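Values in this text are rule-based calculations from the coordinates and carry no lab data. Keep in mind the model is a prediction, meaning the values are calculated, not measured. Using ideal geometry, Cβ is built from the backbone for each residue, glycine included, and neighbour counts are taken over all protein chains shown.
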């Protein structure tokens, strides 16, 4: 109804017929913000000013009340700042949020990085077609919409930049048959059915939640920190092996940076233990638990017998998992901050140096994974799952509750 450039494509009478006769039969409606405002105003609805992502959700919910099963309000006309309020300047434009509402009051936000691109001709038609194609393949609506949004985001990002004005998208960015859009491997990985439940079990493990509310027995935390110290020694060995396996100086340098970060992390572990009355000599004299030995030797075995990418996948559950678990605890409503012995641990893994390490490691993996074949990607996923299960075993070395 309204193009990206702002032109109205339908007369008012046609819009009224659309609202009255078509919306009640619509499976997924995909208005941009000007179209959403036009639909509401044509139906005598109050139109809220879109200043935040919550306003987008309100607009989508009001349109959904007019009859469509699902409504996806596209946020490209209102790029947002990091706090998810509408940006006022070009410099503030960080993300674009598309909001899907429907089902039993379900609300799904699809967040994409803002792109200052003029290659946007046909984005709305392409998105609707991609959603329809995904639905025809049997995907549920939220999955179909999210996948289509990722497809369009990558199509804009990899557009050829032909001519002047609003140019065409690159609709063929994924014709090499990889099962994810470039730059979204980790998102795809963590949403796979064979990964999703294992990932959730790790991030929300009772041991983790007990750190959040401060109920974890101190002896369990002591034992965990000591074993984690021993684990990090082998984690350093694995990253040194990654430097050997790497084929360029940038990846070699990255591996050495990780080892240096581990040195810093080991010092924090030592400080923890000293505060509990455990000396460095006692730490080093402590035998490894079977879970620690099994996990670390598995990672080293993958690295020794495989390639650099395989080793990175074996290391990824630690890098990504600790970042995700710590962020979850930091934001969780039941996390206790005041007087919680473990709040310092949570804060440490939310510090900028660690979150930057996660971003850098993720970017490196995203870069190299695009060079892998679909069959190799399946092998790499299995490495990740196995290592992730061993991470869960690490949580389970010590009781999460007082026995």
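Need one number: convex hull volume per residue for region 193-395, Cα atoms only, in Å³. Spell out each step's value before the answer.
Working: hull volume 24.2 nm³, N = 203.
About 119 Å³ per residue, rounded to a whole number.
If each residue of separation counts as 0.36 nm, what is the full-extension length gain between residue 17 and residue 247 once their alpha-carbon separation is subtracted? Please report the intermediate quantities before stating the final value.
Working: separation 230, 0.36 × 230 = 82.80 nm, distance 6.18 nm.
Working it through step by step, the gained length comes to 76.6 nm.
Testing the spin-label approximation: label points 7 Å from Cα along Cα→Cβ at residue 61 and residue 111. State their distance in nm.
That separation, rounded to one decimal, is 2.0 nm.
How would you rank 172, 276, 398, going from fewest to most other Cβ atoms within 10 Å of each one's own Cβ?
Values: 172 9, 276 14, 398 18.
Going from least to most buried by this count: 172, 276, 398.
As an exercise, find the ratio Rg/Rh for region 12-175 from alpha-carbon atoms, using the Kirkwood inverse-distance average for Rh. Working shown, then result.
Values: Rg = 15.7 Å, Rh = 16.3 Å.
Looking at region 12-175, the ratio lands at 0.96.
Could you let me know the centre-to-centre spacing of region 299-324 and region 256-287, using Cα atoms, in angstrom?
22 Å
Find how many whole Å separate the alpha carbon centroid of region 92-166 from the alpha carbon centroid of region 208-228.
Rounded to whole Å, the Cα centres lie 42 Å apart.
Return 221, 394 ranked ascending by Cβ neighbour count within 10 Å, so the fewest neighbours appear first. Don't jump to the answer; show the numbers that get you there.
Values: 221 19, 394 24.
Fewest-to-most ranking of 221, 394: 221, 394.
Report the FRET efficiency, 1/(1 + (r/R0)^6), for residue 305 and residue 332, where r is their Cβ-Cβ distance and R0 is 45 Å, rounded to 0.05.
Values: r = 39 Å, r/R0 = 0.87.
After rounding, the FRET efficiency stands at 0.70.
With 15 Å as the cut-off, how large is the P(r) tail for region 247-344, expressed as percent of Cα-Cα pairs? Mind showing how you got there, number by number?
Details: 3619 of 4753 pairs.
Value for region 247-344: 76 percent of Cα pairs lie more than 15 Å apart.
Based on DSSP H runs of at least 4 residues, each adding -39500 (n - 2.57), what is the mean residue ellipticity at 222 nm of the chain after dividing by all its residues, to the nearest 500 deg cm²/dmol? Numbers along the way, then the final one.
Details: 16 runs with 232 residues, N = 403.
Per the formula, -18500 deg cm²/dmol.
Top mean-square fluctuation among 307, 331, 228, Gaussian network model of the chain, C-alpha springs under 10 Å?
Ranking 307, 331, 228 by mean-square fluctuation puts 331 first.
Using a cut-off of under 17 Å, list every residue of region 348-384 whose amide N is near the label point 7 Å from the Cα of residue 196 along the Cα-to-beta-carbon line.
None, by backbone N distance to the label point.
Using only the C-alpha atoms of region 85-179, find the volume of their convex hull and express it per residue in Å³. Don't jump to the answer; show the numbers that get you there.
Numbers: hull volume 10.6 nm³, N = 95.
In region 85-179, the Cα convex hull volume per residue is 112 Å³.
Determine, for 111, 88, the number of other Cβ atoms within 10 Å of each Cβ, and report the residues in order from fewest to most. Don't jump to the answer; show the numbers that get you there.
Working: 111 15, 88 9.
Arranged by neighbour count, lowest to highest, 111, 88 become 88, 111.
Please report the projected area of region 25-98's Cα convex hull averaged over all directions, in nm². It would help to have the intermediate numbers written out before the result.
Working: hull surface 18.1 nm².
Across all orientations, region 25-98 yields a mean hull projection of 4.5 nm².
Just subtract the alpha-carbon distance of residue 282 and residue 104 from 0.36 nm times their residue separation and send over the number in nm, one decimal.
Values: separation 178, 0.36 × 178 = 64.08 nm, distance 5.56 nm.
That works out to 58.5 nm of additional length.
Return the Rg/Rh value of region 199-253, two decimal places, where both radii are evaluated on C-alpha atoms and Rh is the Kirkwood radius. Intermediate values should be presented prior to the final figure.
Numbers: Rg = 16.4 Å, Rh = 13.7 Å.
Radius of gyration relative to Kirkwood radius: 1.20.
Round to the nearest 10 and give me the degree value, 0 to 90, for the angle of helix 249-275's Cα axis relative to the longest principal axis of the chain.
60 degrees
Given a cut-off of 19 Å, what percent of all Cα-Cα pairs of region 125-191 lie beyond it? Kindly include the intermediate steps, with their values, before the conclusion.
Working: 733 of 2211 pairs.
Considering region 125-191, 33 percent of its Cα-Cα pairs are separated by more than 19 Å.
From the P(r) of the chain, could you give the percentage of C-alpha pairs in the tail past 26 Å?
Working: 49445 of 81003 pairs.
Tail of P(r) above 26 Å: 61 percent of Cα pairs.
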